[in-house]
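Structure first, then comments.
Please treat every number below as a calculation from the coordinates, not as lab data. Quick caveat, the model's predicted, so the values are computed rather than measured. All Cβ positions, glycine included, derive from the backbone under ideal geometry; neighbour counts span all protein chains shown.
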Amino acid sequence: MVESFIPMNSREWREMQKHNRIHVFGASGAGTTTLGKALAERLHIRHLDTDDFFWMKTEIPYQVPRPTLERIGLLKKELKKETDWVLSGAVINWGNFAIPLFTLAVFLWIPHNLRMQRLQEREIMRYGIDAISPGGWFYRNHCEFMEWAARYDTAGSEMRSSVQQEEWSRLLPCRLLRFTEPLTTADMAGRIISFIDTEKR
């Protein structure tokens, strides 16, 4: 679904650019949350992650999606609390109301094999090696998630994929930075801050 937005006049846009409202997005496992946290810490502003709004708080996390209207309401409430923030994760198809708020967007892409390795390591840290191994209590869920994540670079716009995010990025009225090679979190955060400083001179 593509939404249209009322364009801001130049005065409104200049006023917005005094703030840092940064959206970091990309594939699962690309490091959006890690970069979002680091960037917020460097800029001394609040970090929010879409997973905290998309998923219900359950004993086993990331299993039950929160109703759309509820997650929209929660995210709107938190974004209004601060004048500056970093929002990491994915808002496509449910959080497009936030698009006009962004002063900068950052897209992360890393090679498939490296991303899948990171996800495997993250799953082990979250659930334990026994849980995600054959016969483990989380094995089926783990396999389904990894299969879904593996399709990012080949799937169409029907799911979270490079195609979907490329199409969505055309809606953004703000500057878009792309990182398409593996870099350290500190390096990416430093480059983003340098870009922001240059833009505001």
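Shown here for the stretch 29-93: GluC sites (Glu not before Pro) in loop regions (DSSP other than H, G, I, E, B) with at most 14 other Cβ atoms within 10 Å, namely E59, E82. Between R170 and N93, the C-beta separation translates, for a Förster distance of 22 Å, into a calculated FRET efficiency of about 0.90. Between P100, P65, P134, the GNM of the chain built on Cα springs shorter than 10 angstrom shows P134 fluctuating the most.
Quick check for you: which residues of the stretch 63-101 have the amide N under 19 Å from the point 7 Å beyond the Cα of K18 toward its beta carbon? Residues 80-86, 101 qualify, since their backbone N sits under 19 Å from the label point.
Which entry is the computed mean projected area of the Cα convex hull in nm² for this structure: [x] 13.6; [y] 11.9; [z] 14.4? Computing mean projected area of the Cα convex hull in nm² and matching it to [x] 13.6; [y] 11.9; [z] 14.4 gives [y]. Ranked by how many other Cβ atoms sit within 10 Å of their own Cβ, fewest first, the residues D197, D49, D153 fall in the order D197, D153, D49. Taking R0 as 45 Å, what FRET efficiency do you get between T83 and S133 from their Cβ-Cβ distance, rounded to the nearest 0.05? E between T83 and S133, to the nearest 0.05, is 0.45.
Around the amide H of W85, modelled in the peptide plane, lie the amide H atoms of N20, R21, I22, all under 5 Å away and 5 or more residues distant in sequence or on another chain.
Over the chain, dividing the summed -39,500 (n - 2.57) contributions of all DSSP H runs of at least 4 residues by the number of residues returns a 222 nm mean residue ellipticity of -13500 deg cm²/dmol.
Taking label points 7 Å from Cα along the Cα-to-Cβ direction, S157 and E144 give a separation of 2.7 nm. For the stretch 29-133, applying the loop criterion from DSSP together with a ceiling of 16 other beta carbons within 10 Å to the chymotrypsin sites (Phe, Trp or Tyr not before Pro) yields Y62.
For the residues R71, R115, R178, a GNM of the chain with alpha-carbon springs under 10 Å puts the largest fluctuation on R178.
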